[in-house]
Amino acid sequence: MTIWQRIGEIAGRISKAAPIGTIIDRIAELLPSFASPEARRRVAFSVAMIALSAKMAKADGVVAQSEINAFRQLFEVPQGEEANVARLFAMAQQDVAGFDVYARRIARLYPDEHEIFGDIVDGLFEIAKADGVVHEYELGFLHQVAGIFGIGEAEFEIILARHVGLGAGDPYRVLGVARDVSDGELRRHYRRLAAENHPDKLIARGVPEEFLRIANDRLAAINAAYDQIARERGL
C-alpha cells in the first residue's frame, strides 16, 4: 500500500465535513496499529506536509489550484491518488483553526525526533518557492511554524539560506559556518553535513520516498555552497 493510499484510507473513515485537525488527531490514534515505526513516521510526515502546505497556501486568503498542483509535482503524487491530496487541501481550506493549532498537533506526533521538523520546514519552503519567489506572508508563516517546532533562529537561518539567496555570505550560511572557518574544519563540516543529509538518512527517520525532492535539493544546496567556497579559497 502506498503512502497516499494509507492517507486516503484514514481520510475515508472521517466525515468530509470534519476539520483536517481531526485527521491529525485520528492519525495519532491509529499510528500504533501500523505495521512498523517507519510506516507510522511516513504517514505522519505526509499528513503534516499536506496540512501545513494547505494552511500556508491559504495564508493569502485562498487555496489556488496551482498551489495544489505544485504540491503534486514536487512530491510525486501518482496518478489516481490526487483525490486524496485534494481532499485534505479542501479540509484545510474550510477549517477555521489556525496553522499554529495544526503545527502543535503535528509536533506532538514527534515528541523525540527534532530532525524531522527541519525536514517538514524544508518541504514547506519547496512549496513556497514553487512560483519562483517566497512571499513575505509565506516567510512569516514558515518562521512561526519553525518556532512552534522548536527550531531556533540559527537553524532557521540555515534552512532559509538554502532556499533564498542572501548575498555574499550565502554559501557560509547554507553550511552554517563562519567566514573565517579554517580550510580543514570546513572540509570536515562539509563531509559531516553531506553524510547527515544523504537521502537514506531522511528515509530512515521517516521521510517517505515520495518526498525525496527535499533531500536531493538540500544536498544539492550543500554541495553548491561548498563548491563555491572551495573555488574562492582555491581548495
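Per-residue HN-Hα couplings for the stretch 111-116, Karplus 6.51 cos²θ - 1.76 cosθ + 1.60 at θ = phi - 60°, whole Hz, x for Gly and Pro?
x, 10, 10, 4, 4, 5
Mind listing the phi-derived Karplus ³J(HN,Hα) values for the stretch 142-148, rounded to whole Hz, using 6.51, -1.76 and 1.60 with θ = phi - 60°, and x for any glycine or proline?
4, 5, 5, 4, 4, x, 4
Read-outs: derived from the displayed coordinates by stated rules, not from any lab. In this text the structure is predicted, and so the values were computed from the model without any measurement.
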